[in-house]
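Written out below as structure tokens is the structure these notes cover.
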Amino acid sequence: QIDWAAVKDVGKKPQGLMLALAINWLIKPFTMAALGVLFFKYIFAPWVDPASASEYIAGMILLGVAPCTAMVFVWSQLVKGDANYTLVQVSINDLVMVVAFAPIAAFLLGVTDVTVPWETLVLATVLYVVLPLVAGVLTRSALQRKSTQAVSQFVAAMKPWSIVGLIATVVLLFGFQAQTIIDKPLVIGLIAIPLVLQTYGIFFLGWWIARLMKLPHNVAGPACLIGTS
């Protein structure tokens with residue numbers, strides 16, 4: 001659904017875009033890593049063995065470095081955000097993610113003494129970021145050559161299947177981890193604490209900076225939520 005031609009409009013609302021990029025790539029990954037270390041190396045140390053603590057920290061770091069993209073369109077609609085700005089924001093963020101995800105994740109994993117799985121990081125970036133972007137660009141280009149309505153018709157036809165795919169993915173993820181969920185409810189509760197702090201902390205940080213920058217609501221809303229989600 002991303003119109004890459006919209007990237008040329010990046011200069012129209014630069015403050016909101018700068019805020020979103022700063023939160024996503026200069027703040028959020030590092031606060032998540034810091035919270036992971038604080039809670040699992042120190043506060044939760046009596047309840048979690050060191051080997052498991054390192055794995056949980058690594059998982060939090062990978063989560064913190066990966067920003068939400070597609071769902072931001074939904075959040076933007078819910079807060080009555082500027083649709084064109086959101087489109088540019090997500091487009092630029094996807095382009096940054098192609099080059100920034102693996103290096104930042106590797107750096108933070110290395111700092112926290114976790115072995116850096118470079119092959120996994122690069123493969124994940126290619127499979128989950130690069131390939132979908134390329135496929136989307138090629139599909140959109142092919143459809144636009146047919147007619148001006150082809151893209152919207154294709155999106156409408158695919159939407160039910162994309163929802164089914166999303167739900168199936170969530171069910172499978174939880175299904176494969178069902179035994180872990182049953183066996184380690186305390187650990188899951190412990191992990192939830194820094195994640196909740198990170199989520200609300202990032203949102204209120206973005207909201208506060210947006211107020212200082214005097215951003216209009218329809219730009220501040222999606223700018224704050226892309227980092228939160």
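When +1 charges are put on Lys and Arg Cβ atoms and -1 charges on Asp and Glu Cβ atoms, the dipole computed for the chain relative to its Cα centre reaches about 860 debye. Note on residue 52 and residue 8: with the Förster distance fixed at 35 Å, the Cβ-Cβ geometry gives a FRET efficiency of about 0.15. Across segment 143-157, coupling constants 3J(HN,Hα) worked out from phi with the 6.51/-1.76/1.60 Karplus curve, θ = phi - 60°, read 5, 5, 6, 6, 6, 6, 8, 4, 5, 5, 5, 5, 4, 4, 5 Hz, and Gly and Pro carry x. Residue by residue, segment 82-97 carries 3J(HN,Hα) couplings of 6, 5, 5, 5, 4, 4, 5, 4, 5, 4, 5, 5, 5, 5, 5, 4 Hz when phi is fed to the Karplus relation 6.51 cos²θ - 1.76 cosθ + 1.60 (θ = phi - 60°); x denotes Gly or Pro. In terms of the mean number of neighbouring beta-carbon atoms within 10 Å, the peptides 206-215, 176-185 order highest first as 206-215, 176-185. Whole-percent P(r), segment 114-229, all Cα pairs, 10 Å bins from 0: 10, 18, 33, 29, 9, 1.
Projecting the Cα atoms of 215, 228, 66 onto the dipole axis of segment 4-228, where Lys and Arg carry +1 and Asp and Glu carry -1 at the beta carbon, places 215 farthest toward the positive end. If you take the alpha carbon atoms of the chain and fit the smallest convex hull around them, that volume is 136 Å³ per residue.
Computed on protein heavy atoms with a 1.4 Å probe, the accessible areas place 200, 56 in the order 200, 56, largest first.
Could you tell me the distance between the Cα centroids of segment 37-99 and segment 120-177, to the nearest Å? Using only Cα atoms, the two centres lie 20 Å from each other.
The phi torsions of segment 202-212, fed into the Karplus equation with coefficients 6.51, -1.76 and 1.60 and a -60° offset, translate into couplings of 5, 4, 5, 5, x, 4, 5, 5, 4, 5, 4 Hz, rounded to whole numbers, with Gly and Pro shown as x. Per-residue extension of 0.36 nm, minus the Cα-Cα distance of residue 42 and residue 122, leaves a gain of 25.7 nm for this segment. List the relative contact order of the chain as a percent without decimals, with contacts defined as Cα pairs under 8 Å and 6+ residues apart. It comes to 37 percent, rounded to a whole number.
The values are calculated or read from the model by the stated rules, or taken from the named source; none is laboratory data. This is a predicted model, so every value here is computed, not measured. A quick note on method: Cβ atoms are made from the backbone with ideal geometry, for glycine too, and the neighbour counts reach across all protein chains shown. For the accessible areas, the whole protein counts, side chains as well, though only heavy atoms, and no ligand, DNA or RNA atoms are used. Shrake-Rupley method; radii C 1.70, N 1.55, O 1.52, S 1.80 Å.
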